[in-house]
Amino acid sequence: MAVALPHHSKSSSPRKVVYLLPLTDYGCPDVAGTYIYMPPPTDPAYSICFQIQGTSSICREGSLWVNIPAKGEKFERSKYREYKYVATHPYQIPLCP
């Protein structure tokens, strides 16, 4: 299974790429390997869509942990921020405000 599948919108404005990342029942990326490598930032910014099965334990009090720094903060590989999962469709998390 591919790490990310680009999906393009059908508009005349610059194309926004959306990557699909399926997650296991434990919340781990459902791909080969340990890390997910994403391309550098683009303009317009791309999105990552996490695919979670409705019966997954993630849907019950799950969290997304990312090491993307908040705006104005320096990147630290071992510093993570938590985003609580709220069961809505679609659920959007602004990682870089």
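The values are calculated or read from the model by the stated rules, or taken from the named source; none is laboratory data. Values in this document were obtained by computation on a predicted structure and should not be read as measured data. As a convention, Cβ positions derive from the backbone with ideal geometry for all residues, glycine included, and neighbour counts pool all protein chains shown.
Odds and ends about this structure:
- Listed conditions (1) surrounded by fewer than 10 Cβ atoms within 10 Å (Cβ to Cβ); (2) out of contact with any Cys (no Cβ under 7 Å at 6 or more places or on another chain); (3) among the charged types (D, E, K, R) are all met by GLU73, apart from (1).
- Pairs, first farther than 18 Å from PRO41 by Cβ in segment 65-83, second among the β-branched types (Val, Ile, Thr), C-beta under 7 Å, six or more apart: TYR80/VAL66; TYR83/ILE93
- When segment 1-24 is limited to residues that are surrounded by 13 or more Cβ atoms within 10 Å (Cβ to Cβ) and assigned to a loop (DSSP other than H, G, I, E, B), the one that is modelled with the lowest pLDDT turns out to be VAL3.
- For segment 32-46, taking the residues that are within 14 Å of the chain's Cα centre (by Cα) and surrounded by 10 or more Cβ atoms within 10 Å (Cβ to Cβ), the one that is nearest to TRP65 (Cα to Cα) is identified as ILE36.
- Flag for TYR85 being at pLDDT 80 or above, in contact with a strand residue (DSSP E or B) (Cβ under 7 Å, 6 or more places away or on another chain), of a type in the set (Ser, Thr, Tyr) and surrounded by 12 or more Cβ atoms within 10 Å (Cβ to Cβ): no
- Candidates ILE58, ILE93, ILE68: the one that is surrounded by 10 or more Cβ atoms within 10 Å (Cβ to Cβ) and modelled with pLDDT of 80 or more is ILE68.
- Some residue of segment 49-58 being closer than 28 Å to PRO14 by Cβ, of a type outside the set (Gly, Ala, Ser), in contact with a Lys or Arg (Cβ under 6 Å, 6 or more places away or on another chain) and free of Cβ contacts under 8 Å to residues at least 60 places away in the same chain: no
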